[in-house]
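Asks: Pasting a structure below so you can have a look.
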């Protein structure tokens, strides 16, 4: 839940933001009116078309029986779904995750949205507080700010997106602040109070000091955890799990029960749809064909669909150094890319982390317009084992991909790398 629904909202918010920037492109949009019900309708139409198409393909496959209901293990290879009992030689668990709700006094009484329910709220509030500065918090913070909601984001850590390259997270935080979003880091909510008229007051410790923030609504975006593991009856099938870390599997995705595999978010690792698809393909081959394929998280990419987008794969320079590697870093700002200038999308940069001794690509990190679409160049280089092919390739001019190639060419020892905001010309082809 969230990938396509959220990105349809991202698309609407981006269109509205671009219309407000009309003067930069030589036009003025007057009478701009935000129609939240229509935005929701567009989201629902797109999602329903995808879901219905998937369901049709399942129902039309004579080898698949689609049974709706909550499944519970009653023993090894035995499950109950509603009032129906099923026996299976092999089982694959893909139950996903649910929002993580922190235990904060007064939160439940005051009411809150999650990343799922917020997309179906009846009307836009005047103001909203978000608990969490991870991917969900950043995306929804920018979406609703651009739809006219006054947004405040509370992040427990000292920076947003703490799992990303620090330079990227710091620059994105600056960009969102400049848009008008209030971001409070080292902020820990300690109490929530319901106010007259349905408003809420959040008391938080911010950098050691107590602050009070009032808003119309609260959105909890404090991460997600494996979905209802306690209700699956895993122990009856001999499957070990942890409420926070998910279902235990080996390198072939087999659980502690020999005939059961688990995939995707329920593993408690990388909570991405593409990781679920990747692990599902491996589990199906291992379960049905008797193969022993192994899964690898080292080259699984991640993306945050803010504007500009954050995308990354592999290690940061600091992580690589901690592993004992000598690294080179190549970086190029998007404002030095001709196509980015023409599009008015000059914020951010592309960065490569490369082994200084072997030229192996250890990681790629992007903050850019359509950054997630630029990342596959780095992913492919990680699979080839060297950055050399990207340095040698010829990119179409003008394209955003030129910025990625320039980053690959600009490799320098880590200590000699210029900041991403340094003055660089539009280098074009090398």
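All of the numbers you see were taken from the coordinates with simple rules; none came from a lab. These numbers come from a predicted model, not from an experiment. Backbone-built Cβ (ideal geometry, glycine too); neighbour counts: all protein chains shown.
Asks: May I ask you to order 271-282, 62-73 by the average number of other C-beta atoms within 10 Å around their residues, highest value first? List each step's numbers first, then the result.
Replies: Details: 271-282: 17.2, 62-73: 10.7.
Going by the mean number of other Cβ atoms within 10 Å, highest first, we get 271-282, 62-73.
Asks: Another one. Length gain on complete extension for the stretch residue 248 to residue 394, per 0.36 nm per residue less the alpha carbon to alpha carbon distance? Could the numbers behind the result be given before it?
Replies: Values: separation 146, 0.36 × 146 = 52.56 nm, distance 4.50 nm.
Extra length from residue 248 to residue 394 when fully extended: 48.1 nm.
Asks: Sticking with this structure for a sec: In what order do 3, 395 fall by count of nearby beta-carbon atoms within 10 Å, going from fewest to most?
Replies: Values: 3 14, 395 18.
Least to most surrounded, the residues fall as 3, 395.
Asks: Next up: How large, in Å, is the chain by the Kirkwood hydrodynamic radius built from its alpha-carbon pairs? All intermediate terms of the calculation are to be shown ahead of the outcome.
Replies: Values: mean 1/r = 0.0419 Å⁻¹.
Averaging 1/r across every pair of different Cα atoms and inverting gives 23.9 Å.
Asks: What is region 1-54 by shape, rounded, prolate or oblate, if you read a ≥ b ≥ c off the alpha carbon gyration tensor as root eigenvalues and call it rounded for a/c under 1.5, prolate for a/b larger than b/c, and oblate otherwise? Before the final figure, lay out each step's value.
Replies: On the way: a/c = 3.43, a/b = 2.45, b/c = 1.40.
Cα axes put region 1-54 in the prolate bin.
Asks: Ok, one more. How would you order 237-248, 284-295, 80-91, 329-340 from highest to lowest mean count of nearby Cβ atoms within 10 Å? Numbers along the way, then the final one.
Replies: On the way: 237-248: 16.8, 284-295: 13.9, 80-91: 12.0, 329-340: 22.8.
Output ranking for 237-248, 284-295, 80-91, 329-340: 329-340, 237-248, 284-295, 80-91.
Asks: Could you calculate the FRET efficiency of residue 228 with residue 166 from 1/(1 + (r/R0)^6), where r is the beta carbon distance between them and R0 is 41 Å, rounded to 0.05?
Replies: On the way: r = 35 Å, r/R0 = 0.85.
For R0 = 41 Å, the calculated efficiency reads 0.70.
Asks: Moving on to the next point. Only counting other Cβ atoms within 10 Å, I'd like 188, 366, 149 sorted with the fewest neighbours first. Let's see the in-between values first.
Replies: Values: 188 16, 366 33, 149 22.
The fewest-first ordering by Cβ neighbours comes to 188, 149, 366.
Asks: Using only Cα atoms, locate the centre of region 352-413 and the centre of region 97-146, then give the distance between them in Å, rounded to an integer.
Replies: One Cα centre to the other: 35 Å.
Asks: In a Gaussian network model over the chain where Cα atoms closer than 10 Å are linked, find which of 39, 143, 181 has the largest mean-square fluctuation.
Replies: Result for the chain, Cα springs under 10 Å: 39 fluctuates most.
Asks: Let me ask something else. What is the extension gain from residue 291 to residue 66, computed as 0.36 nm multiplied by their sequence separation minus the C-alpha to C-alpha distance, in nm to one decimal?
Replies: Details: separation 225, 0.36 × 225 = 81.00 nm, distance 2.54 nm.
The residue 291-residue 66 span can extend by a further 78.5 nm.
Asks: If we count other beta carbons within 10 Å of each Cβ, what is the order of 415, 109, fewest first? Could you put the intermediate results ahead of the total?
Replies: Details: 415 6, 109 10.
By the 10 Å Cβ count, ascending, the order reads 415, 109.
Asks: Further question on the same structure: Okay, helix-only estimate at 222 nm for the chain: each DSSP H run of n ≥ 4 adds -39500 (n - 2.57), divide by all residues, round to 500 deg cm²/dmol; what do you get?
Replies: Numbers: 13 runs with 132 residues, N = 430.
The per-residue figure over the chain is -9000 deg cm²/dmol.
Asks: Moving on to the next point. Based on Cα positions only, what radius of gyration and what Dmax would you give for region 107-222, in angstroms?
Replies: 13.4, 42
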